[in-house]
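Please read the structure below before turning to the comments.
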């Protein structure tokens, strides 16, 4: 039978067992002003998540670490900054992923997958092509989760499938868990009742607002409603709100803006509010699409048909006569869409 300890609670603070452990210790958030060290750590946790997309996984004091997580949830709720909600959720999920990849207890990894997905991950020991697999899950459950992962390695054709099951390493399962954790924490924050504002919380919130204001990038307003085709505008709206967009959506936005004359710097700045923003990586990718790296090929925007296939088409009347969003942009730039004569 799986036994969880205090270190497990600190690693995986979202577990119900972790919250129950705090309750048994008599620690309640109603007395939050007394926990000054944990409150200070929670502030630092949020600043690192917002600034770097990263939260330390060093474990020194399990009790403080666990309390810090729950205080951070309250602070995020009180701040009400969408970009912080998204960045914090992703940073916490990545922290969990790192712990899981190093986790020595395979049954604990399977248990956490069950908790966050309500799906059993069966432990196995099977070697295929020199690679040892640790778990297997039903194909249908794999597909539901891999749809969010765009690297070729996650395509079903590139996985080991046998008897209706997909075989996974601990690293694979940890990556699937990461997305479930991100979604779970995000939804938990959204569903939290508005916390009571104590003096210590109020001070922490004001401090964080100042830091966030300094850290929030100021981008040039190159997003003008109705100027861009609706598929591009939809993706830009999500980016402006600090939300993630799928890989194909990023490719669409980047190719479109570069092809209508926007600079690499302008395009990179638009992604600065994304929860997983990494300036070095984003710049590399944008420069590659612009033809400044690699083979020197400048990519064109995908066709309307391809955009429809990725369910990112939000067609309006002005889209009727175009086959590529670049046509919409050029027509609008000349003073409005002119339908071609037949």
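The values are calculated or read from the model by the stated rules, or taken from the named source; none is laboratory data. Computed from a prediction, not measured in an experiment: that's the story for all the values here. Here the Cβ is made from the backbone with ideal geometry for all residues, glycine too, and neighbour counts use every protein chain on show.
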The strands (runs of 3 or more DSSP E) lying wholly within the stretch 100-173 that contain at least 1 residues that are over 22 Å from the mean Cα position of the chain (by Cα), in contact (Cβ under 8 Å) with a residue 24 or more places away in the chain and crowded, with 19+ Cβ neighbours inside 10 Å are 131-138, 165-168
Residue hits (the stretch 279-298; surrounded by 16 or more Cβ atoms within 10 Å (Cβ to Cβ) and part of a loop (DSSP other than H, G, I, E, B)) are 290
From the option list 227, 190, 196, 213, single residue qualifying as modelled with pLDDT under 90, in a helix (DSSP H, G or I) and at negative phi is 213
Of the residues in the stretch 23-49 that are assigned to a helix (DSSP H, G or I) and modelled with pLDDT under 90, the one that is farthest from residue 197 (Cα to Cα) is 24
Counting only residues in the stretch 50-85 that are assigned to a helix (DSSP H, G or I) and out of contact with any helix residue (DSSP H, G or I) (no Cβ under 7 Å at 6 or more places or on another chain), the one surrounded by the most Cβ atoms within 10 Å (Cβ to Cβ) is identified as 69
